[in-house]
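Down below is the structure, laid out as structure tokens.
The values are calculated or read from the model by the stated rules, or taken from the named source; none is laboratory data. Remember, predicted model here, so these are calculated numbers, not experimental data. All Cβ positions, even for glycine, are placed from backbone atoms using ideal geometry, and neighbour counts span all protein chains on display. What goes into the accessible areas is simple: the full protein's heavy atoms, side chains included, and nothing from ligands, DNA or RNA. Shrake-Rupley method; radii C 1.70, N 1.55, O 1.52, S 1.80 Å.
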Amino acid sequence: EIVAGITKLLGRTIGEHIEVKLNLDPTVWAVVADPAQLEASIANLATNARDAMPEGGRITISTQNTQLDEEYAERNDEVTPGDYALIEVSDTGTGIAPEVIEHIFEPFYTTKEHGKGTGLGLSMVFGYVKQSGGHISVYSDKSVGTTFRLYLPRANESAKASARSKATPAA
């Protein structure tokens, strides 16, 4: 619901020269997440994608269920094996050079010209995902584009029940 909702806003802020495509799995698992921070994270990734496609292109936002196994966790120290809801934001932009990828989550690191970016957006996304107990990865190819994958841990039944009891009904 959050991903579909933010996409309506993105259509107005990204521009007409960028197509926004959704591929949302209706059975994606619930997660315990701050909705405002999740929306801000998706908006930030989409804005960066727009900037990587000055001549136009496509942003695809997908959701699905996935498992991160022991083998993946061994290659990524901060990962706990288990069930995750995956949010993937892909673009058909210029891609990110390998020497840049290793720095993109650092605060104040930016490749944008002076006055065009603070270098805080991706560090905020990284911090939010980590604070949520999740994992973030990025894949990029200069000739194809970039994909960010946000892995948020599947909520257990007690967390989902607690969230429902705290929810206020819409008037």
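Points worth noting:
- Elements of type strands (runs of 3 or more DSSP E) in segment 1-100, at least 2 residues being closer than 18 Å to Ser140 by Cβ, open to solvent by less than 40 Å² (accessible area, probe 1.4 Å) and among the aliphatic types (A, V, I, L, M): 57-68, 82-91
- In segment 147-164, residue surrounded by the most Cβ atoms within 10 Å (Cβ to Cβ) [restricted to those that are at pLDDT 95 or above and farther than 14 Å from Asp83 by Cα]: Phe148
- Every residue from segment 80-95 that is under 14 Å from Thr146 (Cα atoms) and not hydrophobic (A, V, I, L, M, F, W, C): Glu88, Ser90, Asp91, Thr92, Gly93, Thr94, Gly95
- Any hit, segment 35-58, residues being touching a residue at least 60 places away in the same chain (Cβ under 8 Å), of a type in the set (S, T, N, Q) and in contact with a strand residue (DSSP E or B) (Cβ under 9 Å, 6 or more places away or on another chain): yes
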